1. Where the second residue is among the acidic types (Asp, Glu) and within 14 Å of ligand 2 (Cβ to nearest atom) and the first is under 13 Å from residue 119 (Cα atoms) and lies in segment 204-219, which pairs have Cβ atoms under 9 Å and are six or more apart or on separate chains?
2. Confirm whether residue 144 is closer than 20 Å to residue 81 by Cβ and within 11 Å of ligand 1 (Cβ to nearest atom).
3. I'd like to check something: does segment 197-215 contain any residue that is aromatic (Phe, Trp, Tyr) and farther than 16 Å from residue 22 by Cβ?
4. State which residue is farthest from residue 40 (Cα to Cα) when the search covers only segment 172-190 and only residues that are more than 13 Å from ligand 2 (Cβ to nearest atom), assigned to a loop (DSSP other than H, G, I, E, B) and open to solvent by 20 Å² or more (accessible area, probe 1.4 Å).
5. Yes or no: residue 145 away from ligand 2 (no atom under 16 Å from the Cβ) and either surrounded by fewer than 19 Cβ atoms within 10 Å (Cβ to Cβ) or at pLDDT 95 or above (or both)?
6. Can you pull out the strands (runs of 3 or more DSSP E) entirely within segment 28-105 that have at least 2 residues that are touching a residue at least 40 places away in the same chain (Cβ under 8 Å) and open to solvent by less than 40 Å² (accessible area, probe 1.4 Å)?
7. Can you pull out the residues in segment 35-68 that are of a type in the set (A, V, I, L, M) and over 15 Å from residue 209 (Cβ atoms)?
8. So is residue 129 more than 16 Å from residue 28 (Cβ to Cβ) and open to solvent by 40 Å² or more (accessible area, probe 1.4 Å) or not?
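The values are calculated or read from the model by the stated rules, or taken from the named source; none is laboratory data. If you're wondering where the values come from, they're calculated on a predicted model, not measured in any experiment. Cβ sites come from the backbone with ideal geometry, for glycine too, and all protein chains shown count toward neighbours. Ligands, DNA and RNA are excluded from the accessible area calculation, which covers all protein heavy atoms including side chains. Shrake-Rupley method; radii C 1.70, N 1.55, O 1.52, S 1.80 Å.
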Amino acid sequence: MPANLTLPLFGDATQSSREQLGQHAWLLRGFALAQADELLTAIARIRAQSPFRQMRTPGGFTMSVALNNCGALGWTSDASGYRYTPRDPLTGQAWPPMPLPLLSLAAQAAEAAGFPGFIPDACLLNRYPPGSRLSLHQDRNERDFSAPIVSVSLGMGAVFLFGGHARNDKAARIPLLHGDVAVWGGEDRLRYHGILPLKDQPHPATGSLRYNLTFRKAG
Ligand code: MD6
Ligand code: FE
């Protein structure tokens, strides 16, 4: 097989479509596909400065997903709670800066979903091995809920649970694939959400891993 043969595994990479998940929540299918390799290269650089690590929850559990951050503020969890910090507690150094291609992708996705002027100061990087999951939660450690959250999926697919404003509200199940971007804000900003345990369906770009980048205005 010629080395440069590429298979159209994911359809037309230039196509991006918009699915509405809520009043102010959108799934931008394939929005990040054209930049996916660049994003993965940026993740590799970030990882060399601040490693992915499994954090402890205040309840004493170890998260199955490995976390990391870039940007002025980074989300951390330990025995004393959840919070944003300007330094990586593991290295004692500032979190790696947010690479410009990530910042501009997040701003463009937010604009496409009806949130112009989004300038995130935090990007949480999640790394999912097979079997890992994220239980239903709200993102509420940010200071300003008027800014949306932009979430980019890379590598293996996952099933996203998108619930309501109460933990027990029925949750929709939405497949998230390589290059998909979800954006939500406004009245949907505090909806419960999570990720079902990942199936091992290796992806050409990442092998048996899924990465998720969520951009926030935290400070
Ligand atoms: C994930 N995402 O997709 C986990 N939070 O791996 C989140 O927890 C999340 O995708 C807020 C907004 C969008 C998200
Ligand atoms: Fe979340």
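1. These pairs meet every condition: 214/139; 216/139; 216/142; 217/142; 218/142; 219/142.
2. On the way: closer than 20 Å to residue 81 by Cβ: yes; within 11 Å of ligand 1 (Cβ to nearest atom): no.
So residue 144 does not fit the description; no.
3. Going residue by residue through segment 197-215, those that are aromatic (Phe, Trp, Tyr) are 211, 215.
Remaining after also requiring farther than 16 Å from residue 22 by Cβ: 211, 215.
Taking every residue of segment 197-215 in turn, at least one turns out to be aromatic (Phe, Trp, Tyr) and farther than 16 Å from residue 22 by Cβ.
4. Checking each candidate, the answer is 177.
5. Details: away from ligand 2 (no atom under 16 Å from the Cβ): no; either surrounded by fewer than 19 Cβ atoms within 10 Å (Cβ to Cβ) or at pLDDT 95 or above (or both): yes.
Spelling it out, it is not the case that residue 145 is away from ligand 2 (no atom under 16 Å from the Cβ) and either surrounded by fewer than 19 Cβ atoms within 10 Å (Cβ to Cβ) or at pLDDT 95 or above (or both).
6. Values: elements: 53-56, 62-70, 74-78, 81-85.
Hits in segment 28-105: 62-70, 74-78.
7. From segment 35-68, those of a type in the set (A, V, I, L, M) are 36, 39-40, 42-44, 46, 48, 55, 63, 65-67; that's our starting set.
Answer for segment 35-68, where residues must be of a type in the set (A, V, I, L, M) and over 15 Å from residue 209 (Cβ atoms): 42, 48, 55, 63.
8. On the way: more than 16 Å from residue 28 (Cβ to Cβ): yes; open to solvent by 40 Å² or more (accessible area, probe 1.4 Å): yes.
So residue 129 passes the test.
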